[in-house]
1. Put +1 on the Cβ of every Lys and Arg and -1 on every Asp and Glu Cβ in the stretch B:88-229; which of B:P192, B:I137, B:F228 then has its Cα farthest towards the positive end of the dipole?
2. Rg and Dmax of the stretch A:2-520 over Cα atoms: what are they, in angstrom?
3. Using the Kirkwood radius over Cα pairs, work out the Stokes-Einstein diffusion coefficient for the stretch A:124-170 at 25 °C and 0.890 mPa s, in µm²/s as a whole number.
4. For a quick check, take a GNM of chain B with Cα springs below 10 Å and name the residue from B:N89, B:N156, B:N258 with the largest mean-square fluctuation.
5. Pull up the cross-link candidates among the lysines for A:K353, meaning alpha carbon to alpha carbon under 18 Å and not fewer than 8 places away within one chain.
6. What three numbers, in Å, describe the spread of the alpha carbons of the stretch B:16-174 along their principal axes, ordered from the longest?
7. Given the C-alpha centroids of the stretch A:95-163 and the stretch B:212-267, what is the distance between them in whole angstrom?
8. Using the alpha-carbon atoms, what tilt in degrees (0 to 90, nearest 10) does helix B:2-27 show relative to the longest principal axis of chain B?
Amino acid sequence: MKRIRMKYIKNTCACLLVVFSSQLAIAQEQTTGPAALEMLSQRSLWKKTSNPAGLQFDQPFQYSTLSVGYELYDGNFRRPQQGGSGNRQTVHTEGNYRIKDYYLSGSFDYRRDQIKDANYNASIIDPFRGMPYIIADLNPSDWNNQHYEMQFNIASPAYNDQFSFGFAGSYKVSSGAKQRDIRSENYFYNLSLSPGVVYTPSEKHHLGLNFVYSNVKEESYGSNVNNSVDQQYYELLGLGTAVNYLGGGRSNNYIGDALGGGFQYQYAGNVNVLLSADYSVEAEDLQVSFEVPRDGASVLRHIWKAKLAFIKEGTQTSHFLDFNYCNRNMDGIQYVTQRDNSSSQMGWQTLFKSVRSTYSTEQAGVQYHLTSNKGNAYSWKLSAGAVYEKLNDEYLLPNSVKQAENVLFNAGIKKNLALADKKSKQLLVGLDLGYNANISGVYNYGGAHADYPTVTGLEQNDFRYLTSSYASIGVPLVYSQKIKNDSQNMLFIKAQIQAQFTNSYQFNDRIFAGFNVGVNF
Amino acid sequence: MKSIHIITALAILTLFSASCKKINNAGDAEKAGSYQVNITAPSQLAGVTSTQGLKIVFENFAEGFKLEKELGANITTIDGLIPGIYSINISGRVEDGAGDAFYLSGSKINYAIVKNGEAIEIPVNGLKVSPLIISEIFYAGTGASPVPGTGTYFRNQFYEIYNNSDKVIYLDGLCFANLTPTTATTTLPLWPAADGSDYAYAERIWKVPGTGTQYPLQAGESFVISQFAANHKLPQYNVNSPVDGSSSEFEFNMNNANFPDQPAVDMEHVFYNASASKGTLPQYLTSVFGGAYVIFKVPAGETYDPVNNANLRTRNLAGTATMQYAKVPIRYILDAVEAGNNENLINAKRVPSVLDAGMTYVGATYNSLGVARKVAVVNADGTPILMDTNNSTNDFERGVVPQFRRHGSRMPSWNHTIK
């Protein structure tokens, strides 16, 4: 384990060096404020696709940013597997650069999560990543997790003014440790690679195509520190269906691959339009134990995403309109296995497999932004949108269902105040309001163990959360100024607070607060 | 340069093919549906030709699924089964042509039902009824005591054995053994193929001492063998202990000065790792998760000496360990009870299904709870006839507070506390 940790640290240091060295070079050329970077992100349509070949068509200006932050959250309006409270420390850096006609961008993120009193999870760092086959114990526990994520994108110039090529990669590494019996020590990585091409038949039209390959692995080692007390734990099979065990948990090995592709079309005229559609298929297997592996379960995910974005830019104001759609259908596959103790085999035989559960999440949303332009930033910005989400999960035999339908409305305003010309002192103040209206929901457990805590504690409380209407209010504040009057480097201090309130009988509220300090080069 | 291209292409192809394999494997799975099987249950008992009317029970412990049905005349079709691993048990009373009643049973344990429409044959035979049965077991131990310096406690383990017949039985020479693996595990040992299904494999064997008629057990009486026959409720042991073991008839004395010999009669040590010596362990502890226990008696005129007869012992052929286990002939065994962590450990059964087709459990360790056999009938004198269908899942109440001589069973007259 120590060797693996050292390897992570070395890889991380190497990547930091690369990112920082590019930032130092860029620092000579650009000065950027927080509002300008936000506008750049808003205008960068290709950056929101999975095709790196089109990044140059976003015409990004060069920038780099480095920030550190601290965030915390508290409140009982949460899913059972989320922490009752927690905090995280973050480091974020990103930047872009041009070498001749090639465009490069990269980012690095570090996050240390201290999650307090999370329930029903003793085997996975992120219980919401689409893997329902986990171990749940009955002891609310802290988790200490660390996450590293490195990304890069390369985009070529257009060859023959028609073909641009790109390549993107991301590498995520996480480690996690549950702090109470059943302890779980976890190591996770995800590698994702995406080559792409954009064909430009004319100046205003761009057609893109890209391919995505991704590989994921998470290892989880369960054990008890107090060997005198054997813990009750449950192998979750979905929607509360579970098998109970006694002891110190077990070792789980999750290995997954994903293949996918995307198609994009951009029209860059008076109105900038981008249509993109992505499809990926992901399979992830759970193998129980490393010594004598047993097929535990598998999931097969089909994910469709589509996006239609419009940008209409004027000298005074700009309009941004996005339509998004996402559909994830997942099959939960269980195996019938039997231990063969004969001398020729000595291992687990898989006799049968079948789809025992299906999970479907559908999201459709629209978002509109209106900005009053000020240079490459904005003076004020209005936002409004709505997202419809439908969850439809089913355990097939014996039948259980869990469904929830919600619409989340949001509106926001931001004002970029110029405090002083000296050092370009600015204050970005905002107000975000949201309201989630629950339309419908049902949870029916039809299995044999309605008294299991996986039903009464985990699924019923999760269902209550998913079907709760709530209101939210958020206030973001960003103060920024140049480090020196003649410097291009912009120092910024960000603070944001958000509160969610629900009228549900089971929950009260949830508060999020964060603080960041950073420099834009 | 060319070789770099070839290597890159090969790497991409390998990556692509590995990904496709995983995705194709998952994509092959079809949606689960309920399955059907066709059961035949031929009688192996002379004079009984029909098994119609016997009860057949399908239990899938992992799924919590149970289905009961009556057998028909020839083939019985069972619908609505979820594919999985099942314990299938047939039991019930039938009459032969002369009108005599027989209790029949048959079973298939850990049977994989993964083919729709499969034909399954389960032979049924007359049930062997034992006069001596294990009536109560407390193996889980007790949680930490509030007394400083004391912790979790397992020395209060005990095994109670009951005379379920209407005759006096002499206990002298009755053997008690725990089978291997000591804790239920799916990693089962590999035994010599020549043994067939003729043996159970014991880790340690003890024997009731005596001259042959020294320890009579009357009908309706039971006796207790304790790991340590002390009053466990004393502060130096564990004040939370649910039992006072000082009235036990026997104890497994391992000559540990810290837990000195008690008034209960010491069991005679027979076998441990090919030796008659007790070894150096400070106590005879069976698994607090639940073990597999047998009582057996060597038939008159036969000798049973697994220490000196190498044919009556073996090592686990699955590994290189040299630990020796005693072979206990199945025909010697009067009763067997299998206990495990919980119902889901039935896929780790150590006891042949002919002795115990089920498994009992208390669901936790150190919870001060035990298992006790259910009452089938109460005699006129108030003593019970306990349930014995060779299926401890059904025969035992689980999670009971341990108690000596429950349901009105009586103490033998030679117990040291009433002498």
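1. B:F228
2. So, for the stretch A:2-520, Rg and Dmax equal 24.6, 82 Å respectively.
3. Numbers: Rh = 15.2 Å.
Rounded, D is 161 µm²/s.
4. B:N258
5. Qualifying lysines at Cα under 18 Å: B:K21, B:K22, B:K31, B:K115.
6. If we take the Cα atoms of the stretch B:16-174, the spans are 66, 65, 24 Å.
7. 61
8. Relative to chain B, helix B:2-27 is tipped by roughly 60 degrees.
A short reminder: the numbers here are calculations on the coordinates, not readings from a lab. Since the model is a prediction, treat every value here as computed from it, not as a measurement. In this analysis, Cβ positions are derived from the backbone assuming ideal geometry, glycine residues included, and neighbour counts consider all displayed protein chains.
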